[in-house]
Amino acid sequence: MTLTHTASDALESFPALLERNARLYAAKPAYREKEFGIWQSWTWSETAKEIESLALGLINMGIAEGDYIAIIGRNRPYLYWSMVAAQAVGAIPVPLYQDANAEEMAYVLDHCGARFVIAGDQEQVDKVIDIQDDLHQFEHMIYLDPKGMRKYDHTRLHEYSHVQEQGHAARDELTPELHRRTAKLNYDSTCVMLYTSGTTGKPKGVVLSNRNMIETAKNSSEFDHLKAGDEVLAYLPMAWVGDFIFSIGQAYWTGFCVNCPESPETMMTDLREIGPSYYFAPPRIFETQLTQTMIRMEDAGPTKKKIFDHFMAHARKVGPAILDGKSVSAIDRLKYALGEFMVYGPLKNMLGFGRVRVGYTAGEAIGPEIFDFYRSLGINLKQLYGQTEASVFITQQPDGEVRSDTVGVPSPGVEVRIAENGEVFYRSPGTFVEYYKNAESTADTKDPEGWVATGDAGFFEPSTGHLRIIDRAKDVGQMADGSLFAPKYVENKLKFFPNILEAVVFGAGKDRCTAFINIDLTAVGNWAERNNIAYASYQELAGHPQVLETIQSHVEEVNRSVAQDEMLSGCQIHRFLVLHKELDADDGELTRTRKVRRKIIAEKFADLVGALYDGSPSIYTETEVTYEDGRKGKIRATLEIRDAEVAPVATQKVAAE
Amino acid sequence: MFEGADAVMDASAGYVTEDGRQIGGVLMEMKNITLRFGGVVAIKDISFDIREGEIRAIIGPNGAGKSSMLNIISGFYTPSEGSVWYQGAPRPPMRPYEVARMGVARTFQNIALFEGMTVLDNVMTGRLTKMNAGIANQALWWGKARDEEVANREKVEEIIDFLEIQAIRKTPVGRLPYGLKKRVELARALAAEPSILLLDEPMAGMNVEEKEDMSRFILDVNDEFGTTIALIEHDMGVVMDLSDRVVVMDYGKKIGDGTPDEVRNNQDVIDAYLGVQH
C-alpha cells in the first residue's frame, strides 16, 4: 500500500483531521451522548472507525463524488459522523433545520438536489416522505432511530446501523475507493453547504470550503486557547453555522469532546452534568436562565433571599473588575471569595457554568443587566459578531475587554471596514465561496476583491477600537422629518425588560414611531400568579389592564432612555399595543433562528399598524395561526391601543449639522 | 361467536389487519362470563376472544360493565359463571400477582402510582416480578441483587427512552401533570414485559395533543414489542382509529363485536350510545 497522503498530511480536510486525531488522541473522548440514562462515549479512534464504516456504506449504496447529502435531526454523534463521512466520500453535507416544515424542507432539498437524506427519526422521515414525489433527484433515505419504522416500505429506506454493517462487510473491496476519494480532498473542496434562514426571501445555500472552515477554526481556537480536554455541549441546530464551527470545526482542530444531550427537554440537566468549559448560547437562553433563577429566588426563604441579594450586590460591584484582572481591594476580594463559596459557586453549578472558561453569546443584542449578571458571577461571557457567510467570526471580544454594547475587535485574519453609508464590510479566510446556484446574489454580496457586505450598520468606537452594531443597514431608515430611524435599537431596549419577549417598532417614513409588543409568558405569568390575577390564555393575559399598565411604564422608560441619544431621539414610541399572539416561526413571523421578519409582520398585521397611526383607541382583528401539527386556526381579539408619554428631546441640534 | 368480515378465522390461523399486520391465534378467551355482586348482575353471559398481537377495545356507555370485564381479565375478580381461557387452557382462580407473573399487566382508570417516588422508581416496581434475590442480598446491595438491579435498570431505561420521559426520570410522580402520569403508568406496565397489556381508559381527561401522543405510543408498543393490547376507552375517535376489533357492552351484555366499521354501523350500538325513543 503506497497511498499518497499529501492532502491528509497537510490537514486540509476534516477526514484528514480525523485521521490525525485518531492517532494523536486515540483514547481520549471525542463524543458523548446521554442515552438510557448514562453518558455513552466514543474515543477518537472509535469515532474514526464509525465514520469509516458509514463512509464505506455510503459508497456501497452508490453515492458519487459531488453528491449532496441532506442531514436532518437533533444533535447526535451519529449525525455529526454523517457529515464527516459524507465529506470522506467526496459528497457535500447539507444540514437542515429539524423544525422546518415540509414546505421549507422541500425547497431546500430540491434546490441542492440531494440524492440522499440522513434523517434522525420517524418525524423527519415522515416529512421527507410527504414531499418526496416532488423531489426529482432524491433516491435513498437513511434513518437513525428505528422506533416506529418497522412498517415502512424499505425499498428506499435504510437503517443507519445496517448501512454501517454493510459498509464494514464490504471493506476489502471498497476501502481503496474510499482512500482514493478522501485523498483528493484539499482546501478548495467544499466542506459543507448551509442554508441561511433568510429574513427576506428564499433561503440561500452558502457554500463553504475546507479553507473557510479549517482556517477559521484554527484562528478562533488559538484566540481563546481552546485545547484537547475542553468540553462543549452541542445543542444548537446542526444547520446553523455556529454549531458546525464549534462542534466540528474547532472540535476536530483542537481535539476536544462534543457532548450531545439526551433530548431537547433534558438539555439543562445535561448541561449541569457535563459542565462544559467552552459554551455558546444565544442571548435568549441566558435571559431565560436568569429569569428562572430570579423567579426561584422569589420563592426562597427570607434568610436565603437576603444572603443572595447581599452577595449579588457585591458581585455586581466588583465581579466584572475581578474577572478583567483589574485592581480590587483586598477586603472586597475576600468578600467576593466568601460569596463564591456561599452563593456564586453553587449558583454556577446549578446553571451548569461551574467550569466555563470561555462563553460566547451572539445573534442578538444582549441586555446589559443580563450580561453583567453572568460576568459578575465570574463567568467569562463574551460577545462575538458573525454570520454564515464569514464562517461565523467577524469580530469577537478578547479576554479583559468585554462590554455589553460592543461586539469586540476583528477576529484574527479578518479585515473589517465601514462603508460611507455605515455598512460593515469584511474580508477573511472564512469568507464563503458562493451562494449555490445563485451567481447574482453572490455578486451582490461579495465584490471581486473578496469584501463581503454584512448588511449591518455599525461603527468603530474611536477610543477602544471596538465595533458597535446599530441595526440592519436596510432597516435603518429615515422618518418623515428626516431624523434617523433604527428600530432594532429601540426594540432591544424594550426586550431588555423581562416582561417583554419581543417587540416590533414601526416608523420609517412616518412622523412618529409605534410598536407591537409581545409579553413574556413566563415572567408575566409568574407576576400574575403572585398578584392573584386569573387568566385562561396568553391572549387574556396580554390584554389585562394591569399588564398593559406595566408595559406602558416600560415603554415610557425606554422613551426616556432613547431621548438621551441625540441621533436617535426621534425613535421614541408614541403609541403601542400588546399583540394577542406570540410571534412564531411556524406562522412565518420569525425566522427559524427567531429573528423578527419585519416586512411580513407589517403586511400580516396591516390593520393593526393602521390603527396605531389613525388614533383609534382599540381595534378588532382576526389572525390565522398554524398549530404545531400544521393545522390552521383563527384567533379573534379586540386590542387596546395605548398612548405612551414621550420624553422631551434633550438638545435639538440632532443630525441637522 | 365472532361474526365479521374475518369470520373465516379459527383458533389457530389468525388474520391480517387493514394495515398489513399479521394477527396470531387466540391468546385469551372469555367463555360465557357472568359476574354478580349479590343480586346485581354486572356482566351477563359474555364471550369473546383476544388474539395475539391485536389491539382489542371494549367500549360501552357508563355502567356497562367494562371495568368489571377488565378486572376479570386481570384476575382481580373471579367470574361467578364461565371461565377465562389463557394460552389454550382454562385459567384457575388466581391472585392478581399470579396473573401478573403469567404476563398480564395493566394501567388503572384512576392512576395508581406511588406519588412520592420518582418516575424511575415507579417504573422499576414494574420489574418486581423479575427480581428474586433474597432480602439480605437486597439490603446489602450485593451479589445477585446488584446484578439483577443493573439488568433491570437497563430494561427500564429502554422503556423510558421509548416513551420519551427522560426529562422526568428523577421527578417525583406527584409533581407531574396528569397526562404524563398516565404515560408513567404505561411505562410501569410495559416494564413487566407483558404478553397482554390492559389499559383502563388511557386517554381519560387528556387534551387532544396528549391523546395523540398516547395513541402513537400505544400503536408503537404494539408494533415494536408485539404486545397484545386490550383497552377500555370512551373517546370513540380514538377507539376506532386504534383498535383492530371492538367489543361493545351495554348493561352487562355484549351488543356488538367486530371491526370498527362493523361496530359503527351496528344498530344496537348506535341505539345504546345515542339512546332510543320508547
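Selection of the stretch B:29-78 for residues being of a type in the set (Val, Ile, Thr), buried (at least 22 other Cβ atoms within 10 Å of the Cβ) and in contact with an Asp or Glu (Cβ under 9 Å, 6 or more places away or on another chain) yields B:ILE33, B:ILE50, B:ILE55, B:ILE58, B:ILE59.
Suppose the filter is touching a residue at least 24 places away in the same chain (Cβ under 8 Å), surrounded by fewer than 22 Cβ atoms within 10 Å (Cβ to Cβ) and within 23 Å of A:ASP372 (Cβ to Cβ); does A:THR445 pass it? When the stated conditions are applied, A:THR445 does not pass them. Which numbered condition trips up B:THR34, out of (1) touching a Lys or Arg at 6+ places or on another chain (Cβ under 6 Å); (2) within 14 Å of chain A (Cβ to nearest Cβ)? For B:THR34, the exception is condition (2). Only one entry in A:ALA637, A:ALA602, A:ALA611, A:ALA644 is of a type in the set (Gly, Ala, Ser), within 30 Å of the chain's Cα centre (by Cα) and modelled with pLDDT of 85 or more, namely A:ALA602.
Among the residues of the stretch B:91-115, those that are within 14 Å of B:ALA191 (Cα to Cα) and not in a loop (DSSP other than H, G, I, E, B) comprise B:ALA100, B:ARG101, B:VAL104, B:ALA105, B:ARG106, B:THR107. Going residue by residue through the stretch B:199-208, is there one that turns out to be surrounded by fewer than 21 Cβ atoms within 10 Å (Cβ to Cβ), within 14 Å of chain A (Cβ to nearest Cβ) and over 20 Å from B:LEU70 (Cα atoms)? Yes, the stretch B:199-208 contains at least one residue that is surrounded by fewer than 21 Cβ atoms within 10 Å (Cβ to Cβ), within 14 Å of chain A (Cβ to nearest Cβ) and over 20 Å from B:LEU70 (Cα atoms). Of all residues in the stretch A:136-148 being surrounded by 18 or more Cβ atoms within 10 Å (Cβ to Cβ) and part of a loop (DSSP other than H, G, I, E, B), which is farthest from the chain's Cα centre (by Cα)? Applying the filter and picking the extreme gives A:GLY148. Inspect the stretch B:222-230 for any residue being at pLDDT below 90, in contact with a helix residue (DSSP H, G or I) (Cβ under 7 Å, 6 or more places away or on another chain) and more than 14 Å from chain A (Cβ to nearest Cβ) and give the result as yes or no. Within the stretch B:222-230 (the criterion being at pLDDT below 90, in contact with a helix residue (DSSP H, G or I) (Cβ under 7 Å, 6 or more places away or on another chain) and more than 14 Å from chain A (Cβ to nearest Cβ)), the answer is no, since none of the residues qualifies. Every listed requirement among (1) surrounded by fewer than 22 Cβ atoms within 10 Å (Cβ to Cβ); (2) within 18 Å of A:TYR278 (Cα to Cα) is met by A:VAL392 save one, (1). Among the residues examined, A:ALA585 qualifies as of a type in the set (A, V, I, L, M) and at pLDDT below 85.
Residue check, A:LEU174 against (1) crowded, with 17+ Cβ neighbours inside 10 Å; (2) in a loop (DSSP other than H, G, I, E, B), all met but one. Which one? Failing condition for A:LEU174: (2).
From the residues in the stretch B:159-198 that are charged (D, E, K, R) and in contact with a Gly (Cβ under 7 Å, 6 or more places away or on another chain), which one is farthest from the other protein chains (Cβ to nearest Cβ)? Top of the filtered list is B:ARG188.
Exactly one residue out of A:PHE246, A:PHE286 is buried (at least 18 other Cβ atoms within 10 Å of the Cβ) and free of Cβ contacts under 8 Å to residues at least 60 places away in the same chain, and it is A:PHE246.
Based on this model, can you work out whether A:ASP153 counts as more than 14 Å from chain B (Cβ to nearest Cβ) and not aliphatic (A, V, I, L, M)? For A:ASP153, the condition - more than 14 Å from chain B (Cβ to nearest Cβ) and not aliphatic (A, V, I, L, M) - is not met. Taking A:THR196, is it buried (at least 24 other Cβ atoms within 10 Å of the Cβ), farther than 16 Å from A:VAL84 by Cα and in contact (Cβ under 8 Å) with a residue 12 or more places away in the chain? It is false that A:THR196 is buried (at least 24 other Cβ atoms within 10 Å of the Cβ), farther than 16 Å from A:VAL84 by Cα and in contact (Cβ under 8 Å) with a residue 12 or more places away in the chain. Of the listed requirements (1) in the same structural domain as B:GLY126 (by TED's automatic domain parsing); (2) within 14 Å of B:ARG106 (Cβ to Cβ); (3) not in a helix (DSSP H, G or I), B:GLU164 misses just one: (2).
Condition check ((1) free of Cβ contacts under 8 Å to residues at least 60 places away in the same chain; (2) closer than 24 Å to A:VAL89 by Cα) across all residues:
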residue: A:PHE138; (1), (2): yes, yes
residue: A:GLU159; (1), (2): yes, yes
residue: A:THR190; (1), (2): no, yes
residue: A:LYS204; (1), (2): no, no
residue: A:ASP230; (1), (2): no, no
residue: A:TYR235; (1), (2): no, no
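Checking the stretch A:36-45 against the condition returns a match, with at least one residue being in a helix (DSSP H, G or I), surrounded by fewer than 24 Cβ atoms within 10 Å (Cβ to Cβ) and away from every other protein chain (no Cβ under 14 Å). Scanning the stretch A:262-302 for residues that are more than 14 Å from chain B (Cβ to nearest Cβ), of a type in the set (A, V, I, L, M, F, W, C) and under 19 Å from the mean Cα position of the chain (by Cα) turns up A:PHE280, A:ALA281, A:ILE285, A:PHE286, A:LEU290.
Looking only at the stretch A:184-203, residues that are more than 17 Å from the chain's Cα centre (by Cα) and modelled with pLDDT under 90 come to 3 in all. Screening A:ASN186 against (1) exposed (fewer than 15 other Cβ atoms within 10 Å of the Cβ); (2) touching a residue at least 40 places away in the same chain (Cβ under 8 Å) leaves a single unmet condition, (1). When A:SER483 is tested against the conditions (1) under 23 Å from A:LEU639 (Cα atoms); (2) of a type in the set (Gly, Ala, Ser); (3) surrounded by 15 or more Cβ atoms within 10 Å (Cβ to Cβ), the lone failure is (1). Checking A:PHE432, A:PHE459 one by one, the residue that is modelled with pLDDT of 90 or more and not assigned by TED's automatic domain parsing to the domain that holds A:ASP110 is A:PHE432 and no other. Scanning the stretch B:1-52 for residues that are among the aliphatic types (A, V, I, L, M), modelled with pLDDT of 75 or more and within 19 Å of B:ASN222 (Cβ to Cβ) yields B:VAL16, B:ILE23, B:VAL26, B:LEU27, B:MET28, B:ILE50. For the stretch B:122-157, taking the residues that are surrounded by 15 or more Cβ atoms within 10 Å (Cβ to Cβ) and within 14 Å of chain A (Cβ to nearest Cβ), the one that is nearest to the chain's Cα centre (by Cα) is identified as B:VAL123. Take the conditions at pLDDT 90 or above, under 27 Å from the mean Cα position of the chain (by Cα) and crowded, with 17+ Cβ neighbours inside 10 Å and apply them to A:ILE551. Does it pass? It is false that A:ILE551 is at pLDDT 90 or above, under 27 Å from the mean Cα position of the chain (by Cα) and crowded, with 17+ Cβ neighbours inside 10 Å. Kindly evaluate A:TYR31 against the criterion of being aromatic (Phe, Trp, Tyr), closer than 30 Å to B:THR171 by Cα, in contact (Cβ under 8 Å) with a residue 24 or more places away in the chain and part of a helix (DSSP H, G or I). When the stated conditions are applied, A:TYR31 does not pass them.
The values are calculated or read from the model by the stated rules, or taken from the named source; none is laboratory data. Here the structure is a predicted model, which means the values were calculated and not measured. Counting neighbours? That spans all protein chains shown, and the Cβs are built from the backbone with ideal geometry, glycine included.
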